[in-house]
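The values are calculated or read from the model by the stated rules, or taken from the named source; none is laboratory data. Treat the numbers as computed from the prediction; the structure is a model and nothing was measured. Please note: Cβ atoms are built from the backbone with ideal geometry, for glycine as well, and neighbour counts cover all protein chains shown. Just the protein is used for accessible areas: all its heavy atoms, side chains included, with ligands, DNA and RNA removed. Shrake-Rupley method; radii C 1.70, N 1.55, O 1.52, S 1.80 Å.
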Number of protein chains: 2
Amino acid sequence: MLTLVGLGLWDEKDLSLRGVEEVLKADEVYIELYTSRWYGNIENLKRLLKKEIKVLERSDIEEKYEKILEKAKEKCIALLVPGDPLIATTHSSLILEAKKRGIEVKVVHASSVYSAVAETGLHIYKFGASATVPFPERTQEVLPISTYEVIRENKKRGLHTLLFLDLIAEENKFMNPNEAMKILLKTEETMKENVFTENTHVVVFCRAGSENSSIFYGKVKDLVKIDFGEPPYVLIVPGKLHFTEKEYLKLFKVEE
Amino acid sequence: MLTLVGLGLWDEKDLSLRGVEEVLKADEVYIELYTSRWYGNIENLKRLLKKEIKVLERSDIEEKYEKILEKAKEKCIALLVPGDPLIATTHSSLILEAKKRGIEVKVVHASSVYSAVAETGLHIYKFGASATVPFPERTQEVLPISTYEVIRENKKRGLHTLLFLDLIAEENKFMNPNEAMKILLKTEETMKENVFTENTHVVVFCRAGSENSSIFYGKVKDLVKIDFGEPPYVLIVPGKLHFTEKEYLKLFKVEE
């Protein structure tokens with residue numbers, strides 16, 4: 001039996017009671033922390049759960065996953081994952097491999113930025129496809145045209161775009177919204193389709209699910225100058241705003 | 001202080017440790033259960049939290065919300081809400097009203113079907129706008145053209161559509177996927193744009209987050225005959241499938 005347990009948005013407190021129960025039942029417990037930033041403390045988590053928790057590193061993931069699947073044939077293995085577990089395709093693949101081997105699989109869902117974005121006041125059913133703004137070094141300095149196109153297509157339909165900002169969690173490296181906006185402005189210079197300009201309104205949602213989460217709304221030219229504090233962040237390019245969305249966003253308006 | 005605490009997908013076990021902590025700090029605790037189906041047990045929840053919990057009914061919501069806001073000026077009020085709290089626009093409006101009155105607001109996020117759909121193996125960033133299939137009696141038998149159009153627009157871009165099925169929770173009335181498919185087939189008869197036919201492939205995700213959740217994948221003409229068991233359900237119309245999505249969906253394939 002393999003159980004993927006979501007850790008939720010922020011720290012060990014975002015684990016659900018169901019998640020705690022599943023971890024307590026497990027023979028062995030693993031955690032992976034490289035698909036997103038997790039602000040919890042593993043020592044706290046060990047104390048809380050009174051269990052040994054083995055940390056998986058990205059470097060040995062392939063090999064260890066094979067070992068985990070072998071173990072899961074006989075034992076109950078719990079794997080703790082930041083956010084809601086199957087958002088990262090790597091865990092989705094793990095489940096697929098487990099099922100192919102006839103291993104029983106359970107998923108304990110948890111809070112995720114995919115629904116937490118509703119805190120911005122933007123209507124969740126009006127979000128179109130989402131995309132990521134990649135670090136230029138990952139794309140050999142090629143501009144993220146596909147990301148620009150996702151925003152363009154959503155905008156055409158009046159839909160909002162949720163943009164994830166690239167991260168290399170194990171190096172503690174997170175793209176900040178300012179860098180993401182600059183990359184998209186550069187892409188605009190090439191594409192010239194008026195999709196992401198200095199006058200485009202955007203929302204920045206920082207540290208979702210934490211005690212000091214914050215939301216900013218304004219024009220790119222004003223937001224690009226702001227210090228948003230600690231990661232993580234998401235950037236949202238709103239589509240056509242309903243009047244209730246407009247009213248809500250006023251709460252987060254940055255003065256020009 | 002007003003704290004909205006998400007109850008998560010299924011029952012009292014989907015409450016997070018953060019949610020428990022916030023409820024324990026509160027002077028008064030309310031729960032509303034009419035925006036979605038919640039399978040928890042209020043008596044269990046009271047025992048678990050060792051707190052009195054007052055149930056809000058839809059019928060007196062407006063008036064009671066006003067009272068809650070009045071109380072929240074002086075006291076710590078916690079409102080328990082199924083799923084992730086701000087998905088329902090009614091709670092989003094409540095927060096807005098609270099903030100206008102200068103009341104401090106906190107949100108404790110929880111699991112939601114918006115991210116749980118990743119359990120189908122469909123890539124979450126490829127979901128376009130979502131929509132609801134309404135009960136015919138709500139729309140005076142008018143077909144849900146706008147829902148049909150959302151599917152069409154998503155499909156054009158290769159995106160998946162998450163469809164919510166109408167519910168009247170207080171009457172314990174839930175549209176089942178069979179009824180939803182029949183409504184969409186009828187809409188197809190009128191629209192004739194080849195968006196939702198008997199040969200369209202769909203995914204039905206039942207009881208997300210529960211011990212007996214299940215996923216079905218197949219053609220409408222085959223799925224329409226299946227008994228999906230207890231609610232809730234969501235219906236997904238996939239767009240263009242990546243090969244990893246195809247491989248994953250095979251796990252849930254219904255034989256013709």
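Here are the numbers for the structure shown:
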quantity: Table column - 3J(HN,Hα) (Hz), segment A:134-146, Karplus curve with 6.51, -1.76, 1.60, x for Gly and Pro; calculated: x, 4, x, 5, 7, 10, 6, 6, 6, 5, x, 4, 5
quantity: Per-residue average of Cβ from other chains inside 10 Å of B:84-91; calculated: 5
quantity: Crossing angle, helix B:61-72 versus chain B [Cα axis fit, 0-90 degrees, rounded to tens]; calculated: 40
quantity: Other-copy label distances relative to B:ILE42, 7 angstrom Cα-Cβ extension, nm; calculated: 4.4
quantity: Binned Cα-Cα distance frequencies in the protein assembly as shown - 20 Å width, integer %; calculated: 22, 58, 19, 0
quantity: Accessible area in square angstrom per residue, segment B:2-111, 1.4 angstrom probe; calculated: 42
quantity: Relative contact order computed over segment A:114-252 (Cα-Cα under 8 Å; 6+ residues apart), in percent; calculated: 29
quantity: Mean Cβ neighbour count within 10 Å, used as a protection proxy, ranking B:175-181, B:115-121, B:165-171 highest first; calculated: B:115-121, B:175-181, B:165-171
quantity: More than 24 Å apart - percent of Cα-Cα pairs taken over segment A:2-111; calculated: 14
quantity: Percentage of interatomic Cα-Cα distances in chain A larger than 23 Å; calculated: 55
quantity: With every protein chain in place, the protein assembly as shown: carbon and sulfur % of accessible area (1.4 Å); calculated: 50
quantity: Drop in accessible area of at least 10 Å² in the complex versus isolated chain, residues of segment A:125-171, 1.4 Å probe; calculated: A:TYR125, A:PHE127, A:GLY128, A:ALA129, A:SER130, A:GLU153, A:ARG157, A:LEU159
quantity: Degrees, to the nearest 10: A:89-100 long Cα axis against longest axis of chain A; calculated: 40
quantity: For B:LEU79, residues with placed amide H under 5 Å, excluding near neighbours; calculated: B:THR3, B:LEU4, B:VAL5, B:TYR30
quantity: 7 Å along Cα→Cβ, label-point gaps from B:LYS73 to other copies, nm, shortest first; calculated: 6.7
quantity: Segment B:122-172 - Rg and Dmax from Cα coordinates, angstrom; calculated: 12.8, 38
quantity: Over 31 Å (Cα to Cα) - which of B:LYS186/B:LYS253; A:LYS64/A:LYS155; A:LYS173/B:LYS253; A:LYS99/B:LYS106; A:LYS126/B:LYS54; A:LYS46/A:LYS75 fall in this group; calculated: A:LYS64/A:LYS155; A:LYS173/B:LYS253; A:LYS99/B:LYS106; A:LYS126/B:LYS54
quantity: Stokes-Einstein D (µm²/s) once Rh is taken as the Kirkwood radius of segment A:45-99 over alpha-carbon pairs, at 20 °C in 1.002 mPa s; calculated: 173
quantity: A:SER130 accessible area, assembled protein chains, probe 1.4 Å, Å²; calculated: 10
quantity: Distance histogram in 5 Å bins (all Cα pairs of segment A:71-124, percent per bin); calculated: 4, 17, 23, 20, 14, 9, 6, 5, 3, 0
quantity: Global geometry of segment B:10-50, whether rounded, prolate or oblate, following the gyration tensor of its Cα atoms and the 1.5 cut on a/c; calculated: prolate
quantity: Reciprocal mean inverse distance between Cα atoms of segment B:157-230 - Kirkwood radius, Å; calculated: 13.5
quantity: 7 Å along Cα→Cβ, label-point gaps from B:ILE145 to other copies, nm, shortest first; calculated: 3.8
quantity: Accessible area buried at the A-B interface, both sides summed, 1.4 Å probe (Å², nearest 100); calculated: 4300
quantity: Residues with amide H under 5 Å from that of A:HIS160, placed H, sequence gap 5 or more; calculated: A:PHE127, A:GLY128, A:GLY239
quantity: Euclidean distance of C-alpha centroids, segment A:146-188 and segment B:58-113, integer Å; calculated: 31
quantity: Which of A:ARG58, B:ARG157 is most accessible, then next, and so on - probe 1.4 Å; calculated: A:ARG58, B:ARG157
quantity: Kirkwood-type radius of segment B:117-253, with distances r between different C-alpha atoms, in Å; calculated: 15.0
quantity: Fraction of alpha-carbon pairs over 16 Å apart in segment B:208-256 - percent; calculated: 46
